[in-house]
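*Asks:* Questions regarding the structure given below will be posed in turn.
The values are calculated or read from the model by the stated rules, or taken from the named source; none is laboratory data. Because the structure is predicted, anything quoted here is derived from the model rather than measured. Note: ideal-geometry Cβ built from the backbone for every residue, glycine included; neighbour counts use all protein chains shown. Quick note on the areas: whole protein, heavy atoms, side chains included, nothing else; ligands and nucleic acids left out. Shrake-Rupley method; radii C 1.70, N 1.55, O 1.52, S 1.80 Å.
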Amino acid sequence: MLQSQQSTSFTCSQHTRPTSSANVEHAAVCLDDFRRFATEFLAKRPLLEALTLNAGIQVSSGTTYIKDGIEATFGVNHVGHALLIALLRPHMAPGGRIVSVASGMHDPAQKVPGPSRVYTSTADLAKPAETSKAGSNQAVGAQRYATSKLGLNHIKLATSSITKSHDFYTRILPFTPLPQFDHVTPEGGLFAKMVQHQPSRILLELRYHPEQAAAQIGWDPVTWGVSTRKDLESWADRLKEEGVSHSKVLMGLRSWVLVCEDPDGRKIRFYVEDEVHEWTDRPDEDEHWLGKVLADPQVQAGA
């Protein structure tokens with residue numbers, strides 16, 4: 001739901017024919033439909049007061065894809081929503097709000113009847129294995145819907161220099177620039193850039209905010225996964241070649257970790273996902289790279 005001086009709806013549907021709702025203007029069958037809608041909407045109403053991203057679709061007839069080659073549930077409910085935010089956010093009015101509507105389907109604590117939510121990787125959601133078990137389409141459809149509600153839109157990091165951070169993430173780390181999503185003030189000043197992590201397709205916003213960046217020096221807000229310890233060692237070699245300060249390969253609770261610093265002094269972790277060692281309560285300690293471990297005195301372990 002979009003709101004300006006008049007309310008306008010954009011229905012996300014895998015069907016080419018819109019529903020009967022009187023204020024529906026479009027039905028999404030590919031990502032270009034989201035782009036087309038944003039262009040047409042902004043031509044009529046250049047300032048947006050509110051954007052509400054509601055549920056989306058659930059497909060119970062087997063695996064289907066939008067025209068972009070992405071499984072329909074994930075393509076519409078998550079990728080389409082993320083694209084719509086990226087397209088419309090620069091046109092939000094002062095004090096405008098973006099609201100993403102979640103669902104009890106994603107919360108195990110609510111014990112909503114139906115299949116469990118399963119997340120393995122973004123690639124698996126976009127290109128899932130075909131279902132073959134008879135009668136499983138409805139259950140798989142419900143599972144894909146529930147899992148799509150877990151989706152992450154993007155990560156935001158504060159920086160004291162957009163140029164330095166953008167160079168670091170796109171030259172040293174596996175991020176692709178997205179100049180079409182530059183965030184610009186009404187006066188034409190750049191206040192954020194978007195990049196995309198290629199292995200996971202996760203979007204990262206690098207936003208100019210020197211005070212917040214200074215407050216995060218030494219903190220490690222994001223951990224990026226790598227497959228094997230050999231991959232981790234390859235990253236250590238690359239960081240050394242590029243002159244990036246980094247730790248040695250360290251033993252974590254269940255796997256291995258490597259830590260480096262970004263241009264703002266934030267710690268960036270790489271963690272091995274597909275190889276593990278026996279769980280240990282005594283991982284390597286390195287206060288500079290791993291930070292100081294503090295136990296919460298108000299909570300007892302195992303409680």
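*Asks:* For R45 and V101, compute 0.36 nm times the residue count separating them, minus their Cα-Cα distance, and round to one decimal in nm.
*Replies:* Result for the pair: 17.8 nm of gain on full extension.
*Asks:* By how many nm would the segment from K230 to D296 lengthen if fully extended, with 0.36 nm per residue of separation less the alpha-carbon distance?
*Replies:* 20.3 nm
*Asks:* OK, next. Using modelled backbone amide H atoms (1.01 Å from N, in-plane), which distant-in-sequence or interchain residues come within less than 5 Å of S100's amide H?
*Replies:* It is L53, by chain and number.
*Asks:* Length gain on complete extension for the stretch N137 to H277, per 0.36 nm per residue less the alpha carbon to alpha carbon distance?
*Replies:* Extra length available between N137 and H277 comes to 46.7 nm.
*Asks:* A further question follows. Could you tell me the accessible area of S60 in Å² (1.4 Å probe, neighbours in place), rounded to the nearest ten?
*Replies:* Approximately 60 Å² for this residue.
*Asks:* Show the residues, 5+ positions off or on another chain, whose built amide H is closer than 5 Å to the amide H of A93.
*Replies:* For A93, whose amide H was placed from the backbone, the distant partners under 5 Å are L48, E49.
*Asks:* Long-range amide H contacts for W224: which residues qualify at under 5 Å (H placed 1.01 Å from N, peptide plane, sequence gap of 5 or more or a different chain)?
*Replies:* Those lying under 5 Å, H to H, from W224 are R269, F270, Y271.
*Asks:* First measure r as the distance between the Cβ atoms of E285 and V222, then evaluate 1/(1 + (r/R0)^6) with R0 = 22 Å and state the FRET efficiency to the nearest 0.05. Before the final figure, lay out each step's value.
*Replies:* Values: r = 21 Å, r/R0 = 0.96.
That pair, E285 with V222, gives E of 0.55.
*Asks:* With 19 Å as the limit, write out which pairs from K164/K267; K127/K156; K248/K292 have Cα-Cα distances beyond it, or answer none. If you can, show how the numbers build up before the last one.
*Replies:* Working: K164/K267 15 Å; K127/K156 26 Å; K248/K292 17 Å.
Distance filter (> 19 Å) returns K127/K156.
*Asks:* Compute the distance in nm between two label points, each set 7 Å from the Cα along the Cα-to-Cβ direction, one at D167 and one at M251.
*Replies:* 3.9 nm
*Asks:* Something else: Computing the accessible area with a 1.4 Å probe over protein heavy atoms, can you report the carbon and sulfur percentage for segment 159-284?
*Replies:* 50 percent
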